[in-house]
Each structure stands twice: as structure tokens, then as C-alpha cells.
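The values are calculated or read from the model by the stated rules, or taken from the named source; none is laboratory data. A quick note: this is a predicted structure, and the numbers were derived from the prediction, not measured. We place every Cβ from the backbone using ideal geometry, glycine too, and count neighbours over all the protein chains shown. Accessible surface areas use protein heavy atoms only, side chains included; no ligands, DNA or RNA. Shrake-Rupley method; radii C 1.70, N 1.55, O 1.52, S 1.80 Å.
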Amino acid sequence: MAGAGVSASREDIALRLRRVIRVWGAALYVGSVLLIILIAVLGLEALGQYSYQAQVLLFGNYRGQLAEINEKYQVLKTEFDQANQKLQALRDLYPISSTDLHQVEKIRAKASLEIQSLKWKKEDAEFAVYVLKDPATSDLKLKECMAELRRAEAAVKAFMRAVKGLEDKYAGRVR
């Protein structure tokens, strides 16, 4: 009996040892999978946190382009506001014909719409660059914004020329 009890306990110990080995094997497997996932997540996060210079090298100078667009937008708004003030001064000083005034107002309305459209395109581009951070979308939005900037520049220049033409026509007539 003593031998049978020892033998049973050896089998019991072997069975328990096999169970422990299986549990440790499963724990090591799960741990290694979790470690791989952790390393992958940290690696992807590190890749997502490029320095500004690396982003410029990889995707282009989006922030620089946005700064240039913002600067040109502010200049256009200032030019438009100055031409608007000049038009108002001309209205106050001279009796301008309704046909001339109507032509200039049409040009003014187009310039105003183009400036507003540029503002929206600029906001879309800023969203794409700063929030989405997707190079393809940023490129597309910046190209759309640059095209809108050219249209707005042309419209504001046309408005300024129209106001200058009114000034030459009516201010020159009085002198």
C-alpha cells in the first residue's frame, strides 16, 4: 500500500505539473501576443508623431503653404476693404450714374463672393492639414485653395480697377 500511495501521488504530481506547464504556456503565449501588440502600437504612435521637419520632408510644407495663403487672404481683404471705402467716398462726393454704379456693384459682388469662397476653402485646407493630417487630402485641399486664391485675386483686382475707373471718370470730370 505504501508503494501504491507513492505511485498515486507521483501520477497526481505529474498531472498537476502538466496542468501548470499548460497554464504557463498559455500565459506566455498571451503575454507574447500582448507584448507584440504593445510594441506595434508604440511604434505606430512614434511614426505618427513626426517632427515638423520630417513631415515637411515626407509630405511637403503644408503649414508654409497655409501661412502664405493666410497672408495673401489678409492682403486681399485689406485691398477689397480699401476699394470699398474709396467707392463709398466716390458715391458721397460725386453724382455717379446708375449704370456705372450698377457695373461696379456687380464686380464688387463677385469679388465679395470670391473672398468668402476663399475663406471657406482656406478653412477646409486648415482642417485637412491640422486635423486630418492626410497628405492626399491636404494636397487636394491646398490645390483647391490656391485655385480659389487666384480667382479671388483676379476678382479683387477687377474691383479695384473698376473703382479706379470710376474715380478717373468722375473725379477727372469735376476738375
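When the stretch 65-96 is limited to residues that are open to solvent by 60 Å² or more (accessible area, probe 1.4 Å), within 15 Å of Glu123 (Cβ to Cβ) and of a type in the set (S, T, N, Q), the one that is modelled with the lowest pLDDT turns out to be Gln65.
When the residues of the stretch 151-175 are narrowed to those that are among the charged types (D, E, K, R) and more than 24 Å from the chain's Cα centre (by Cα), which ends up surrounded by the fewest Cβ atoms within 10 Å (Cβ to Cβ)?
Arg175
Please verify whether Tyr62 is in contact (Cβ under 8 Å) with a residue 12 or more places away in the chain, open to solvent by less than 70 Å² (accessible area, probe 1.4 Å) and farther than 18 Å from Asp168 by Cβ, treating the condition exactly as stated. For Tyr62, the condition - in contact (Cβ under 8 Å) with a residue 12 or more places away in the chain, open to solvent by less than 70 Å² (accessible area, probe 1.4 Å) and farther than 18 Å from Asp168 by Cβ - is met. Residue count for the stretch 100-150 satisfying the condition of being open to solvent by less than 40 Å² (accessible area, probe 1.4 Å) and either under 30 Å from Lys169 (Cα atoms) or of a type in the set (A, V, I, L, M, F, W, C) (or both): 13. Residue check: Val129 meets all listed conditions (1) touching a Phe, Trp or Tyr at 6+ places or on another chain (Cβ under 7 Å); (2) modelled with pLDDT of 90 or more but one, namely (2).
Only a single item in (1) assigned to a helix (DSSP H, G or I); (2) out of contact with any Ser or Thr (no Cβ under 6 Å at 6 or more places or on another chain) is not met by Pro95, and it is number (1). Looking across Val156, Val129, one residue alone is of a type in the set (Val, Ile, Thr) and within 16 Å of Glu68 (Cβ to Cβ). It is Val129.
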